[in-house]
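Engineer: Below you'll find the structure I mean.
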Amino acid sequence: MDYNTVVDETRLLHFFKEAGGLNWHYVEIGQGEPLILLHGIPESWYCWRYQFEPLAAHFRVIAPDLKGYGQSDKREGDYSQQNAADELAALFEAIGLDQYYLVGHDWGAGIGKEIAALYPDRVLKYCHMSTPTVRYDTKMAPHHLEYANDPVSAVQTFSDAENYIRWWWETGGSVNGVSALSSKEYSRMVEEFSRPGVAEAVARYFRDAFDRTQRKPSAFQSGALTMPVRFIYPDSDPRQPIDYIQNGLQDAVPGFERLVVVPNAGHFSMQEQPEIVTKSLLEFFTNRTA
């Protein structure tokens, strides 16, 4: 099995589905038990391009564009992680999924943990990647608060997709900077993040993440993650340093299974070290005793 080859996009099936009052886009490949992959910022389904083929040998792999991203709905509304979790759960139900395995990266992990907490009877196992758990310090990523407090400026930043994505990769997204991407990969990322309405929608995620008037206890505060939970974390992510999750995990996550540290990787470890990440996902989700 070659873990370092980008999927042939002609092998992917693209679907559009209305669910929960929203219009969704997702890609699918493979057959078997459902395995759902949730991307983060500034991504789309495309961030899983290295994982599709190996995972599809064992699972029915489904990767949606989150609300506000790619070709999914971008309307105004509640962009809190808990509400996004409910909306995605409605999509999965509309697709006909009763139970599924779930992976979340970055903001997709923020939403993924809430899906697992709110719908524990549906999520068989959950993998959490590159997102804080019991610790979070805005000093490590001051732009988060800046985006939340100044949405107009945030939209302007996100509207310049080419420079925003380059900045992400050069300042912690990869230990090798944007040079880790081929020109085609970079262009595809820019294309997806440049779609009309994305900049405005992504700014809403930050707005609602820091709105204390509507914030509820997170999955890690409630101890609701009782299914097997694996954490995959890079060793060199300056915005989300690994000490965010190294202490207190077993107390916060009753279903804690293992922490896998990805060496020589920044924030986008599944793209920098696809073999390590994909093998860890396969080990976790195919090991029925974990």
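Engineer: Could you tell me which of the residues ALA84, ALA109 is of a type in the set (A, V, I, L, M, F, W, C) and in contact with a Ser or Thr (Cβ under 6 Å, 6 or more places away or on another chain)?
Structural biologist: ALA109
Engineer: In addition: Quick one: ARG258 ticks every box in (1) without any contact (Cβ under 8 Å) to a residue 60 or more places away in the chain; (2) in contact with a Cys (Cβ under 8 Å, 6 or more places away or on another chain); (3) of a type in the set (D, E, K, R) except a single one, so which number is it?
Structural biologist: (2)
Engineer: Can you tell me which residue is surrounded by the most Cβ atoms within 10 Å (Cβ to Cβ) among those in segment 70-96 that are closer than 19 Å to LEU12 by Cβ and touching a Lys or Arg at 6+ places or on another chain (Cβ under 8 Å)?
Structural biologist: Taking the candidates together, the pick is PHE92.
Engineer: How about segment 174-205: which of its residues are hydroxyl-bearing (Ser, Thr, Tyr), part of a loop (DSSP other than H, G, I, E, B) and buried (at least 18 other Cβ atoms within 10 Å of the Cβ)?
Structural biologist: The one that is hydroxyl-bearing (Ser, Thr, Tyr), part of a loop (DSSP other than H, G, I, E, B) and buried (at least 18 other Cβ atoms within 10 Å of the Cβ): SER174.
Engineer: Would you point out which residue out of TYR50, TYR46 is closer than 20 Å to ARG195 by Cβ, among the hydroxyl-bearing types (Ser, Thr, Tyr) and either buried (at least 24 other Cβ atoms within 10 Å of the Cβ) or out of contact with any strand residue (DSSP E or B) (no Cβ under 7 Å at 6 or more places or on another chain) (or both)?
Structural biologist: The unique qualifying residue is TYR46.
Engineer: Go through segment 1-42 and give me each residue that's part of a loop (DSSP other than H, G, I, E, B) and touching a strand residue (DSSP E or B) at 6+ places or on another chain (Cβ under 8 Å).
Structural biologist: VAL7, LEU12, GLY30, GLN31, GLY32, GLU33, HIS39, GLY40
Here, each number is a calculation from the coordinates, and none is a lab measurement. Source: prediction; values computed, not measured. Every residue, glycine among them, receives a Cβ derived from its backbone with ideal geometry; neighbour counts consider all protein chains shown.
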